[in-house]
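Written below as structure tokens is the structure these notes are about.
The values are calculated or read from the model by the stated rules, or taken from the named source; none is laboratory data. Please read all numbers here as calculations on a predicted model, not as lab measurements. For neighbour counting, all protein chains shown are included, and Cβ atoms are generated from backbone atoms with ideal geometry for every residue, glycine included. We work out accessible area using only protein heavy atoms, side chains counted, and drop any ligands, DNA or RNA first. Shrake-Rupley method; radii C 1.70, N 1.55, O 1.52, S 1.80 Å.
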Amino acid sequence: MLVYPSSIDLSTRTLRFLTGQLTARRREIGTRWRRLPAARQALLALAHLRCGDTYAQLAAGFGIGIATAFRYIREAVDTLATLAPSLAEAIKAIRAKAFVILDGTLLPIDRIAADTPYYSGKHKRHGMNVQVLTDPFGRLLWASPALPGSTHDLTAARQHGIIEALAEAGLRCWADSDDGSWRLGKSSMFWRIPDTP
């Protein structure tokens, strides 16, 4: 396999941040030796996340095995996931905003046809449904855990407790409806919140 230099459109600050997080993680678990130093592991993970390079391509480029590339990327993603705010923490930050935007997106995945829960009929492809809350300028405030792509956005919002959290806090929210239009109002006005006994 031929290897060539490439670039990623990310800042060195991003690389240094992830390197610092991975170094702290290694210290925490008491790692003595790794095939790649933390900075190279961070670069490996960022190349996969930003460019979508396959494990085989990354393994060849970094001179490691495919299983090692998978483990290193998984560790970096898990390390970043621990930094993500919970929905309750996001709601506290949202209180200072005029309104928030709630939208669902389908993250494409590579699945076989037998995996019907991951098939989105709306998008005609396999994927994972993720709900996101952003501020009025579109900056990400919170992203939900992924659900199978066949899950409707409204169902996903209910399963994650987004609707109830926004309604309890009395926050205004833009959300898209099934017809593709966007509406503004209190979140309880968008969705019927089931009565609780």
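Exposure check, 1.4 Å probe, all protein chains in place: residue 51 carries approximately 70 Å² of accessible surface.
Rolling a 1.4 Å probe over the protein heavy atoms of region 59-140, with every protein chain left in place, gives an accessible area that is 60 percent carbon and sulfur. In the context of the full set of protein chains, region 1-91 has a per residue accessible area of 66 Å² (1.4 Å probe). Residue 17 exposes around 110 Å² of accessible area when a 1.4 Å probe is run over every protein chain in place. Here r is the Cβ-Cβ distance between residue 78 and residue 152 and R0 is 30 Å; the resulting FRET efficiency, rounded to 0.05, is 0.60.
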